[in-house]
1. For the stretch 54-92, enumerate the residues that are touching a Leu at 6+ places or on another chain (Cβ under 9 Å) and hydroxyl-bearing (S, T, Y).
2. Right, D31: acidic (D, E), over 17 Å from the mean Cα position of the chain (by Cα) and not in a loop (DSSP other than H, G, I, E, B) or not?
3. Being farther than 22 Å from R32 by Cβ, outside any helix (DSSP H, G or I) and of a type in the set (G, A, S) narrows it down to one of A80, A74, A85, A96, so name that one.
4. Out of (1) exposed (fewer than 10 other Cβ atoms within 10 Å of the Cβ); (2) under 20 Å from the mean Cα position of the chain (by Cα), what's the single condition that is false for S49?
5. How many residues are among the β-branched types (V, I, T) and either closer than 29 Å to V52 by Cβ or surrounded by 10 or more Cβ atoms within 10 Å (Cβ to Cβ) (or both) if we restrict to the stretch 1-25?
Amino acid sequence: MDSTIAARAISKIGWRHLPLLLACFVIAFLDRVNIGFAALTMNADLTFSASVSGLGAVLFFLTYVALEVPSNLALDRYGARRSPARLGGEDETATAPTAAE
């Protein structure tokens with residue numbers, strides 16, 4: 001009896017989360033496609049070769065992956081309630097050196 005209740009609960013949770021996961025997948029796909037479209041005009045404007053553009057995309061991806069693990073560890077430590085404020089502070093700290101005077 002418990003296994004049927006658990007199976008129904010897992011099925012219900014799965015069907016509730018599948019639309020959100022599909023939407024996240026579509027948004028991530030569009031983001032990757034957008035980088036390709038941006039490279040078409042950016043390469044010509046900045047006189048970048050395709051290899052320089054590809055190197056930039058790879059460096060962006062590797063940095064994203066390298067910083068995502070500590071971010072998830074901090075999420076586990078501090079909780080979801082304080083994470084938006086923490087992420088905002090980290091973003092401000094990272095972008096402050098690029099601010100115009």
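Every number in this text was worked out from the coordinates using simple rules, so none of it is lab data. Worth saying up front: this structure is predicted, and the values here are computed from it rather than measured. Note that we place each Cβ from the backbone using ideal geometry, even for glycine, and neighbour counts take in every protein chain shown.
1. S71, S83
2. no
3. Residue meeting the stated conditions: A80.
4. Against the list (1) exposed (fewer than 10 other Cβ atoms within 10 Å of the Cβ); (2) under 20 Å from the mean Cα position of the chain (by Cα), S49 comes up short only on (2).
5. 2
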